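Colleague: Let me give you the structure first, and then I'll get to my questions.
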Amino acid sequence: MTEELFSTGCAQGRESYPDVDYYRKIKDHPCYSAEARHRYGRMHLPVAPECNIKCHYCVRRFDCVNESRPGITSRVLSPGEALARTKDVLARFPNIRTVAIAGPGEPLTNPETFQTFRLVRDSFPDVRLCMSTNGLLLPDKLPLLAELDVATITVTLNAVDPNIGKEIYAHVRYAGQSYHGLEAAQLLLSQQLLGIKMAVAAGIVVKVNSVMCPTINDDHLVEVARKAAELGVYVQNIMPLIPQAGFAHLRYPTPDERKEKQDACVAFIPQMRHCRQCRADAIGLLGKDVPDVSIA
């Protein structure tokens with residue numbers, strides 16, 4: 001193994017994780033290894049349209065072909081269609097080793113996520129399964145994810161202070177009830193922290209995505225990094241805000257501003273610096289996605 005592959009190439013002076021099982025799970029994952037991204041691809045299966053929270057920066061689109069960002073797909077697939085696409089893609093692109101579900105909504109609130117993972121796991125036992133989540137249902141669904149041998153999970157963790165979180169989230173829906181304001185932010189944060197702790201304890205490699213929102217949470221990201229490190233998170237990905245929806249009035253953070261935060265946060269946790277803010281139906285190498293693949 002190489003130090004670059006195992007440490008993700010994100011942090012200066014960061015020791016590699018000594019656990020060989022961690023290495024097995026991330027050695028060819030392009031998001032967890034800066035070196036692997038040049039050789040190995042990933043595919044996202046867009047089977048999860050519904051979402052249980054409303055982020056002020058999010059716009060989901062299910063018929064989009066002209067944008068490249070999270071939350072969009074050319075169309076939503078059924079689990080059967082997702083399996084057919086997986087078979088087609090893996091036959092044509094043997095360098096794809098990771099199959100992920102990243103929306104376009106919240107994977108854990110869509111039963112199709114678990115149906116799809118089971119179909120893919122049964123057909124391709126050697127493929128690494130990956131998922132992105134807002135974390136609200138992570139404590140509830142973690143046992144099922146562990147049973148399905150999901151290797152890596154990304155949790156969007158934008159704040160570890162509910163007073164900041166309430167400025168980012170419009171509402172949260174949990175257990176049949178809707179929550180707003182500070183109450184919503186407190187509930188979401190408590191679930192995220194518990195879910196991350198449980199995932200790490202279960203041997204799942206965790207990454208946190210933190211959307212850098214100027215004037216909202218940009219001065220708070222070091223605290224997010226500090227807390228993520230305490231919980232055993234493997235790497236943090238600071239993503240620049242795309243101003244839209246409720247945050248359309250905000251501006252993009254500049255590359256220098258983002259780098260400054262990454263450089264500050266790397267004192268606590270490795271930083272993913274090569275994110276391309278992928279679509280929910282992305283296929284291929286990071287930044288070099290192949291055109292949409294037809295259903296076999």
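Colleague: Given the pairs K197/K261; K141/K197; K54/K166; K54/K261, which span a C-alpha to C-alpha distance of over 18 angstrom in this model?
Modeller: In this structure, K197/K261; K54/K261 lie more than 18 Å apart at Cα.
Colleague: Right, here's the next one. What ³J(HN,Hα) values, in whole Hz, does the Karplus curve 6.51 cos²θ - 1.76 cosθ + 1.60 give for region 218-234 when θ = phi - 60°, with x put for Gly and Pro?
Modeller: 4, 7, 10, 5, 5, 5, 4, 4, 4, 5, 4, 5, 4, 7, x, 5, 7
Colleague: Further question on the same structure: Given H placed on each backbone N at 1.01 Å, which residues far from N237 in sequence or on other chains put an amide H within less than 5 Å of it?
Modeller: Those lying under 5 Å, H to H, from N237 are V208, N209, S210, M272.
Colleague: Shifting gears a bit: Carbon and sulfur atoms: what percent of the 1.4 Å accessible area of region 199-293 do they account for?
Modeller: With neighbouring chains kept in place, the figure for region 199-293 is 52 percent.
Colleague: Additional query: Starting at the first residue of region 72-79, write each ³J(HN,Hα) from the Karplus equation 6.51 cos²θ - 1.76 cosθ + 1.60 with θ = phi - 60°, in whole Hz, x for Gly and Pro.
Modeller: With the stated coefficients, region 72-79 comes to 10, 7, 5, 6, 7, 9, 7, x Hz.
Colleague: Also, I was wondering about something else. Kirkwood Rh, region 97-204, all Cα pairs: how many Å?
Modeller: Kirkwood hydrodynamic radius for region 97-204: 14.4 Å.
Colleague: Per residue, how much accessible area does region 152-220 have with a 1.4 Å probe, in Å²?
Modeller: Normalised by residue count, the accessible surface of region 152-220 is 37 Å².
Colleague: With the full set of protein chains in place, find how many percent of the accessible area of region 107-174 is carbon and sulfur; take the probe as 1.4 Å.
Modeller: Using a 1.4 Å probe with all protein chains present, region 107-174 comes out at 48 percent carbon and sulfur.
The values are calculated or read from the model by the stated rules, or taken from the named source; none is laboratory data. In this text the structure is predicted, and so the values were computed from the model without any measurement. SASA here: full protein model, heavy atoms, side chains in, ligands and nucleic acids out. Shrake-Rupley method; radii C 1.70, N 1.55, O 1.52, S 1.80 Å.
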